[in-house]
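What follows draws every value from the coordinates through simple rules; no lab data is involved. What you are looking at is a predicted structure, and each value in this text was computed from that prediction instead of being measured. Cβ coordinates were reconstructed from backbone atoms using ideal geometry, including for glycine residues, and neighbour counts include every protein chain displayed.
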Amino acid sequence: MDLPAYVERLRSGAPPKFPADANSLQFAQKLDSQDSLRHLRDEFILPTKASLKKRALDGSIPGETKSTVNGTNGVNGAETEQGIYFVGNSLGAQPKAVRDYVNAQLETWASVGVNGHFTDMGQSPLVQWQDMAEDCANKSADLVGASPSEIVYMSTLTVNLHMMMASFYKPDSKRHKVILEWKPFPSDHYAIESQIVWHGLNPEESMIKIEPDDNYLIPTEKVLATIDAHADSTALILLPGIQYWSGQLFDIPRITAYAKERGIVVGWDLAHAAGNVELKLHDWDVDFACWCTYKYINAGPGATAGAFVHERYGKVDFVDNSESPSYRPRLSGWYGGDKRVRFNMANTFVPTPGAAGYQVSNPSALDLASVAAALSIFNKTSMRDLRSKALVLTAYAEHLLDQINAETDAAKPFFKIITPRDPAQRGTQLSVLLREGLLDDIAQALEQNGVMCDKRKPDVLRVAPVPLYSRFEDVWKFMQILRGALGL
Ligand SMILES: Cc1ncc(COP(=O)(O)O)c(C=O)c1O
């Protein structure tokens, strides 16, 4: 079977059925040779075994030869070999374009100073600073399945969750609860808890946490049952598209529709879903969503985040030609103001229609340069194609992991994959719950072999073969290193 056939099987819900020789370099390389996205790996700088050991800057960029002995900067070939970067669920690898975009921004600023706000520079990949957030929104329609006017790039993820809740969490004496899941990323927990307290309410009464089953997963039915149990008293449901620890992908359309039918506002934290799985936020009728850009989107640590606001909340109505329009209340600042009148410095707030009207401050052009560069890579492909490759990459990793476990005493497996076995209920990441006491040795072996993947103490390894820059060969090599660490 070839790669497109595996994609088709996985998309139709059938098991992939890898052949007997799947655990071989030849098989992995065969799939890589059939991968129509393999050229995208060249768009990224991946750490090498040598660069991972770097503790001081020396002007060198991994993969680029500086000066040299044997063309390798005096380091042997094994050291300049690219590492295995399976940690894009935490921080994505650096796109080469980032350097060009950031340099363009620095040259613009140095050359024309303040005029950069309103000057489109020829030969630049960037638009004028005023329009950079909008440019990033334009580049993101396929990424999240929304019209660009429903997308805004601003601030950071937790700040945006607060900004959205300021507009969308409107507790009253009847509806005051927020439904969340048992193990939200701590920042989400703090944000929700503090919003509740900010409104003078008691988190003990207003926070409803959905508990998982014994296998750490939350079935959709359980989410729906929780909605039913609190339907009349819930103001907001805020869940992760993909749960960061288990890797579970929630049924966003079904949960959204169910909650909305019961009058509940629906928000999603898409930190682990954006750039990872296909999303159709507009069609799914999501009210709002927020995501960071430093994981699967690869814009760099702490880069400017994204948010979605459904078009019905972005309307700006000038009733009877009044100068004061009506619009959904929000926390405002001048950058949410319509740019045609923004610099009039008048004190009547006229929001930009759409999600852009939820902006507050002048965004960092340096940061947005990085986001625009990262998004430009997504524009060379589609989320559908990326997801197709990811389905097979992750299924291949799962298959090889299962083979490892099959080689040990069934009563005492090395690990358990806690991410859903159903490919439709997960993204790229597999969370591997290790037998107690194994994590440190495995982490050390991975590190020594130039593998980057995420460890969550005490026992979870999160493995994310991101399709933009990962190969089937990397998955196979990773498994050989893991086997070595387990003494196989
Ligand atoms: C699910 C989730 N929510 C919130 C955050 C916090 O993001 P930030 O520090 O950008 O606000 C993270 C960061 O990794 C996350 O994974």
- [ ] For the stretch 125-264, restrict the atom set to alpha-carbon positions and state the Rg and Dmax in Å.
- [x] 16.7, 53
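Sort 7-13, 216-222 by the packing proxy (mean of other Cβ within 10 Å over each peptide's residues), most packed first.
Result, highest mean Cβ count within 10 Å first: 216-222, 7-13.
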Open item on the list: Explain nothing, just the number: dipole magnitude of the chain about its Cα centre with +1 on each Lys and Arg Cβ and -1 on each Asp and Glu Cβ, in debye rounded to the nearest 20.
Closed with: 360 debye
TODO: Summarise the long-distance tail of P(r) for the stretch 129-377 by giving the % of C-alpha pairs beyond 25 Å.
DONE: 42 percent
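Listed highest first by mean packing, meaning other Cβ atoms within 10 Å per residue, what order do 128-137, 448-457 come in? Please list the in-between numbers first.
Values: 128-137: 22.1, 448-457: 17.8.
With the highest mean Cβ count within 10 Å placed first, the list reads 128-137, 448-457.
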Open item on the list: Only four residue types carry charge here, +1 at the Cβ of Lys and Arg and -1 at the Cβ of Asp and Glu. Report the dipole size of the stretch 129-377 about the Cα centre in Debye, rounded to the nearest 20.
Closed with: 420 debye
Task: Cα-based convex hull volume of the stretch 386-488 per residue, rounded to whole Å³ - done: 92 Å³
Task: Area projected by the alpha carbon convex hull of the stretch 5-59, averaged over all directions, nm² - done: 6.3 nm²
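So, R0 is 35 Å and r is the distance between the beta-carbons of residue 320 and residue 170; what FRET efficiency does that work out to, to 0.05?
0.85
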- [ ] Report the net charge of residues surrounding residue 252, where surrounding means a beta-carbon distance below 13 angstrom and charges are Lys +1, Arg +1, Asp -1, Glu -1.
- [x] -3
Task: Vicinal HN-Hα couplings computed from phi for the stretch 240-250 (Karplus, 6.51 cos²θ - 1.76 cosθ + 1.60; Hz; Gly/Pro x) - done: x, x, 10, 6, 5, 8, 8, x, 6, 8, 6
Task: Cut-off under 5 Å, modelled amide H: who pairs with residue 298 long-range - done: 92
Task: Cα-derived Rg over Rh, computed across the chain with Rh taken as Kirkwood radius - done: 0.99
TODO: Given the peptides 191-202, 237-248, arrange them by the average over their residues of other C-beta atoms within 10 Å, most packed first.
DONE: 237-248, 191-202
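If each residue of separation counts as 0.36 nm, what is the full-extension length gain between residue 111 and residue 205 once their alpha-carbon separation is subtracted?
In short, 28.2 nm is gained.
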Task: Under 5 Å, built H, 5+ apart or other chain: amide partners of residue 337 - done: 352
- [ ] Kindly state, to the nearest 0.05, the FRET efficiency for residue 364 paired with residue 406, given R0 = 51 Å and r defined as their beta-carbon distance.
- [x] 0.50
Open item on the list: My understanding is that a pair violates if its Cα-Cα distance is over 26 Å; which of 53/477; 49/380; 389/477; 183/457; 49/139 do that in this structure?
Closed with: 49/380; 49/139
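What FRET efficiency, computed as 1/(1 + (r/R0)^6) with R0 = 25 Å and r the Cβ-Cβ distance, is obtained for residue 56 and residue 447, rounded to the nearest 0.05? Before the final figure, lay out each step's value.
On the way: r = 19 Å, r/R0 = 0.76.
The pair residue 56/residue 447 has a calculated efficiency of 0.85.
Would you order 383, 164, 207 from fewest to most other beta-carbon atoms within 10 Å of each residue's own beta-carbon?
207, 383, 164
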Open item on the list: Could you work out how much longer the chain between residue 459 and residue 260 gets when fully extended? Use 0.36 nm per residue separation minus the Cα distance between them, nm to one decimal.
Closed with: 67.9 nm
TODO: Hey, can you grab everything whose amide H is under 5 Å from the amide H of residue 45? Only 5+ residues off in sequence or another chain; H modelled, so Pro and N-termini drop out.
DONE: 94, 96
